[in-house]
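Structure first, commentary second.
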Amino acid sequence: MLDHVTIGVSDLERSKEFYDKVLNSIGIQRLYEEGESAAGYGINNKAFFWISLKSYPITGMHIAFGVHDRALVDRFHATGLSVGGRDNGLPGLRQHYHPHYYAAFILDPDGHNIEAVCHHPA
């Protein structure tokens with residue numbers, strides 16, 4: 001079982017602005033900061049998603065956030081696009097995973113693939 005994950009970012013301030021808005025759209029808030037090197041996001045004082053300043057490129061990350069309804073998936077995607085994210089998959093069913101897999105994908109400022117997914121029927 002995962003406790004937390006950290007992804008590397010090239011510009012911490014830009015990434016905090018991006019994730020503050022995108023993650024807040026699905027109920028996740030910035031809870032902690034470690035000076036100018038990292039920030040932690042989570043719920044109920046438990047940070048489970050961290051961003052950390054890295055001096056070298058890191059690509060290929062895919063992080064999926066589970067949400068409780070499809071409207072949150074839609075809001076996540078719209079918010080991501082409105083703050084500079086790039087579309088990597090419109091909100092919709094991905095039935096090749098299972099009949100109720102409703103998800104959307106955005107690329108963050110560093111190209112990380114960030115997903116919101118709901119596994120419940122409409």
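The values are calculated or read from the model by the stated rules, or taken from the named source; none is laboratory data. Being a predicted model, the structure only gives us computed values, none of them experimental. Counting neighbours? That spans all protein chains shown, and the Cβs are built from the backbone with ideal geometry, glycine included.
Laid out as a table, the results:
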item	result
Given (1) at pLDDT 95 or above; (2) surrounded by fewer than 16 Cβ atoms within 10 Å (Cβ to Cβ); (3) more than 30 Å from residue 93 (Cβ to Cβ); (4) more than 13 Å from the chain's Cα centre (by Cα), index of the condition residue 39 fails	(2)
Selected residue [out of contact with any Ser or Thr (no Cβ under 8 Å at 6 or more places or on another chain) and part of a loop (DSSP other than H, G, I, E, B)] from 96, 77	96
Residue list for segment 80-93, filter: assigned to a strand (DSSP E or B), surrounded by fewer than 18 Cβ atoms within 10 Å (Cβ to Cβ) and touching a helix residue (DSSP H, G or I) at 6+ places or on another chain (Cβ under 8 Å)	87, 90
Residue that is farthest from residue 24 (Cα to Cα), among those in segment 83-122 that are over 14 Å from the mean Cα position of the chain (by Cα) and small (Gly, Ala, Ser)	122
Matching residues in segment 17-30 - criterion: being crowded, with 17+ Cβ neighbours inside 10 Å and either over 11 Å from residue 79 (Cβ atoms) or touching a Pro at 6+ places or on another chain (Cβ under 8 Å) (or both)	18, 28, 30
Counted residues, segment 1-30 - those being more than 16 Å from residue 85 (Cα to Cα), over 15 Å from the mean Cα position of the chain (by Cα) and free of Cβ contacts under 8 Å to residues at least 40 places away in the same chain	1
Failed condition for residue 55, given (1) among the hydroxyl-bearing types (Ser, Thr, Tyr); (2) assigned to a loop (DSSP other than H, G, I, E, B); (3) under 25 Å from residue 101 (Cα atoms)	(3)
Tally of residues being closer than 24 Å to residue 68 by Cα, acidic (Asp, Glu) and assigned to a loop (DSSP other than H, G, I, E, B) across segment 1-33	1
Only one of 70, 30 that is at pLDDT 95 or above, closer than 15 Å to residue 115 by Cβ and among the charged types (D, E, K, R)	70
Among (1) under 14 Å from residue 105 (Cβ atoms); (2) surrounded by 14 or more Cβ atoms within 10 Å (Cβ to Cβ) - the single one residue 58 does not satisfy	(1)
